[in-house]
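Accompanying notes for the structure given below.
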């Protein structure tokens, strides 16, 4: 159902990444996809995964370097000539900012978290829009900590709140061009990024016991939802946060 569609995926680290699950689901529907890697340490892993999908492209891109962002979109345009969907699964905060009290967050940690985790969506959306000549879909990954206080999530919760606000503003501005913008908010997932959050196992146990579905979300669940949002059938869904958490977010 995504045959002849082209996607660009930011945030693949390994086969357990949310971004890879999204790419797998879209690839299974026939999409061609380009992938970025943030450092040489991740290059081989991303290349190996991308090689399992047809006509893929792998590019270096550190979103803190505008020249690399520009080069990424230039390469996508040169190879595919267009872009139909973009998956933004990037977030980072210094480990020490995810411990202790939020009010002790340093200016440097706050700036880093907001720049990498939130501003980067604006950055890549601006670059993607000219390639989405027939409309498209931009999907980013948020979390419940954007609206509620989650212990030890700290500055990342503030960054995710900014990210969700950016989704609404970008959706409003790009909507007339047929470009939809979404945030997916999964329940707790055992990813590499989550391993840096203290007491994360306890958080997962709480989610499973209290969610109406009594089940933890999987990266495949997130991937399937992302593939759906890339379909033409989802063309009038935009600007919202889609919770994939078994209903956990409705429980007090």
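The values are calculated or read from the model by the stated rules, or taken from the named source; none is laboratory data. Predicted model, so just to flag it, every value in this text is computed and none were measured. For neighbour counting, all protein chains shown are included, and Cβ atoms are generated from backbone atoms with ideal geometry for every residue, glycine included.
Take the conditions out of contact with any strand residue (DSSP E or B) (no Cβ under 8 Å at 6 or more places or on another chain), over 23 Å from residue 222 (Cα atoms), surrounded by 15 or more Cβ atoms within 10 Å (Cβ to Cβ) and at pLDDT 95 or above and apply them to residue 105. Does it pass? Answer is yes for this residue. Residues that are surrounded by fewer than 19 Cβ atoms within 10 Å (Cβ to Cβ), in contact (Cβ under 8 Å) with a residue 40 or more places away in the chain and either outside any loop (DSSP other than H, G, I, E, B) or at positive phi (or both) within segment 20-41 comprise just one, 28. Annotation note: of 131, 98, 114, the sole residue that is touching a helix residue (DSSP H, G or I) at 6+ places or on another chain (Cβ under 8 Å) and under 16 Å from residue 34 (Cβ atoms) is 131. Out of everything in segment 3-19 that is out of contact with any strand residue (DSSP E or B) (no Cβ under 8 Å at 6 or more places or on another chain) and touching a residue at least 40 places away in the same chain (Cβ under 8 Å), what residue ends up being surrounded by the fewest Cβ atoms within 10 Å (Cβ to Cβ)? Ranking the candidates gives 16 first. How many residues are assigned to a loop (DSSP other than H, G, I, E, B) and either surrounded by fewer than 24 Cβ atoms within 10 Å (Cβ to Cβ) or over 8 Å from the mean Cα position of the chain (by Cα) (or both) when one looks only at segment 79-89? The qualifying residues number 4.
Return yes or no: is residue 227 surrounded by 22 or more Cβ atoms within 10 Å (Cβ to Cβ), at pLDDT 95 or above and not in a strand (DSSP E or B)? Yes: the conditions hold for residue 227.
Of the candidates 142, 117, the single residue that is crowded, with 23+ Cβ neighbours inside 10 Å, at pLDDT 95 or above and touching a strand residue (DSSP E or B) at 6+ places or on another chain (Cβ under 6 Å) is 142. Restrict the check to segment 42-58 and report whether at least one residue is surrounded by 14 or more Cβ atoms within 10 Å (Cβ to Cβ) and touching a residue at least 40 places away in the same chain (Cβ under 8 Å). No; the residues of segment 42-58 include none that is surrounded by 14 or more Cβ atoms within 10 Å (Cβ to Cβ) and touching a residue at least 40 places away in the same chain (Cβ under 8 Å).
Being under 21 Å from residue 24 (Cα atoms) and either in contact (Cβ under 8 Å) with a residue 12 or more places away in the chain or part of a strand (DSSP E or B) (or both) is a property that residue 207 lacks.
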